[in-house]
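Each remark here refers to the structure printed beneath this line.
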């Protein structure tokens, strides 16, 4: 990886509170990303990508958390080609599988051959999911870079483009609520 951007990390003196934090008695502090701040994060990440000179042919989102970020970045970068790769690793708060696992449907790896790919996820927590996807595509692409909204100090990979670093648990707007269920109970 060549360029590391930390957009939003130190530029704003309110950066530690801009995303908000929440903690009850005895509960760990959380970093809370709102939908509005998500829009800001995506634009700043996209600006960092553009400023680096990297122009992706494909924006590849890691499902599920990387999908909103990848979609936003694709629009902000003017990229038409967007793909996804389904990877399961986290099974709950702080609970993981032994290793990240690629799930179907699988990405057509022949279609990415020779491309410049921006691999996108919401967070590089352990970094193991991002590292797995990067290793999978790096064998076939001309260039690959990584972008995340957040990274954490313990990550095994340093993403190329990062909006903010934190060691807190992150509450994303797309996963802050439980799944929707039928009104009035099961049908």
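At a glance:
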| item | result |
| --- | --- |
| Residue tally, condition out of contact with any helix residue (DSSP H, G or I) (no Cβ under 6 Å at 6 or more places or on another chain) and either surrounded by 15 or more Cβ atoms within 10 Å (Cβ to Cβ) or outside any loop (DSSP other than H, G, I, E, B) (or both), over the range 65-92 | 17 |
| Unique match (being modelled with pLDDT under 95, closer than 19 Å to residue 69 by Cβ and under 12 Å from the mean Cα position of the chain (by Cα)) among 161, 172 | 172 |
| Given (1) at pLDDT 95 or above; (2) part of a strand (DSSP E or B); (3) within 14 Å of residue 164 (Cα to Cα), number of the condition residue 46 does not satisfy | (2) |
| Top-ranked residue of the range 52-64 - restricted to ones that are crowded, with 18+ Cβ neighbours inside 10 Å and closer than 10 Å to residue 118 by Cβ, ranked as farthest from the chain's Cα centre (by Cα) | 54 |
| Options 137, 133: the member that is surrounded by 14 or more Cβ atoms within 10 Å (Cβ to Cβ), touching a residue at least 24 places away in the same chain (Cβ under 8 Å), in a helix (DSSP H, G or I) and in contact with a helix residue (DSSP H, G or I) (Cβ under 8 Å, 6 or more places away or on another chain) | 137 |
| Boolean, residue 170 is touching a strand residue (DSSP E or B) at 6+ places or on another chain (Cβ under 7 Å) and in a loop (DSSP other than H, G, I, E, B) | no |
| The lone exception for residue 147 - which of (1) exposed (fewer than 15 other Cβ atoms within 10 Å of the Cβ); (2) in contact with a helix residue (DSSP H, G or I) (Cβ under 6 Å, 6 or more places away or on another chain) it fails | (1) |
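The values are calculated or read from the model by the stated rules, or taken from the named source; none is laboratory data. All values derive from a computational prediction rather than experimental measurement. We place every Cβ from the backbone using ideal geometry, glycine too, and count neighbours over all the protein chains shown.
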